[in-house]
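This report refers to the structure that appears directly beneath it.
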Amino acid sequence: AQSVTQLGSHVSVSEGALVLLRCNYSSSVPPYLFWYVQYPNQGLQLLLKYTTGATLVKGINGFEAEFKKSETSFHLTKPSAHMSDAAEYFCAVRETGANNLFFGTGTRLTVIP
Amino acid sequence: DSGVTQTPKHLITATGQRVTLRCSPRSGDLSVYWYQQSLDQGLQFLIQYYNGEERAKGNILERFSAQQFPDLHSELNLSSLELGDSALYFCASSPRDVGGRDTQYFGPGTRLTVL
């Protein structure tokens, strides 16, 4: 069965520090992978996605993620955190041929001034 | 702004009641998905419609039903409401049916509170 694990339900970083949000998935074949961000009282916004091709994916707001098949991981990073990055981040997968997204439990990012 | 609209934004009702949530997909998108976000269950897929037909079902209760109309808007009907149905309900849309690479664009959600 498909599952997504996000290590750390809460992550705090200082402004200007590296952001690293972890995501591991279980799938018999490499799925399509997504990171979404949810700001307070808002819907989910796509940050980036991996479908095929280059394993390092660049997204909006300076975020990027690397698909590592051998580690079944798709960690999200940003070199320098900004106060506006404070939000909840969700990793999601969709298997080839499947319809819906399967979400992790989310990681709430706090940025300390 | 994703282009997906949902109404109402907030809904407060009592146990045992029935409510209808409405979603309009992005222009040109034929697939509509419904998700439920709650504190204990997280974000869960409920159901998908494509061009008026049901295509996939997730963890949707029998008390819940949905439909997609000819103009492609969708409604999620929740009946015999229980306290545990209190959650944020999201609608998402995408262009195709089973399009793995397609991005699902999410609406702002409807927050349902059952008292």
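Brief remarks follow.
- Net +/- balance of residues flanking residue B:61 in space, Cβ distance below 14 Å, scoring K and R +1, D and E -1: 0
- Gyration tensor over the Cα atoms of region B:56-115: the corresponding equivalent ellipsoid has semi-axes (square roots of 5 times the eigenvalues, largest first) of 24, 13, 12 Å.
- Based on C-alpha pairs under 8 angstrom that are at least 6 apart in sequence, region B:52-97 has a relative contact order of 30 percent.
- Mean separation of Cα contacts under 8 Å, 6 or more apart, over the residue count of chain A: relative contact order %: 37
- Exercise: per-residue mean of other protein chain Cβ atoms within 10 Å, B:34-47: 3
- Average beta carbon contacts from partner chains per residue of A:30-36, 10 Å cutoff: 2
- Highest-first arrangement of A:64-72, A:100-108, where packing means the average Cβ count within 10 Å: A:100-108, A:64-72
- The aspartates and glutamates whose alpha-carbon is closer than 12 Å to the alpha-carbon of residue A:78, local same-chain residues fewer than 8 away aside, are A:15, A:64, A:66.
- When +1 charges are put on Lys and Arg Cβ atoms and -1 charges on Asp and Glu Cβ atoms, the dipole computed for the protein assembly as shown relative to its Cα centre reaches about 200 debye.
- Mean separation of Cα contacts under 8 Å, 6 or more apart, over the residue count of chain B: relative contact order %: 37
- Under DSSP loop assignment and at most 13 Cβ neighbours within 10 Å, longest GluC sites (Glu not before Pro)-free interval of chain B: B:1-61
- Kirkwood Rh, Cα atoms: Rg over Rh of chain A: 0.95
- Cα centroid separation, region A:1-73 to region B:65-112 (Å): 23
- Column: log10 I(q)/I(0), Debye, Cα scatterers of chain B, q = 0.12 Å⁻¹: -0.37
- Cβ-defined net charge surrounding residue A:11, 13 Å radius [Lys, Arg +1; Asp, Glu -1]: +1
- Cα gyration tensor category, rounded, prolate or oblate, for region A:11-71 with a/c compared to 1.5: prolate
Rule-based calculations on the coordinates, nothing more; no lab input. Being a predicted model, the structure only gives us computed values, none of them experimental. Cβ sites come from the backbone with ideal geometry, for glycine too, and all protein chains shown count toward neighbours.
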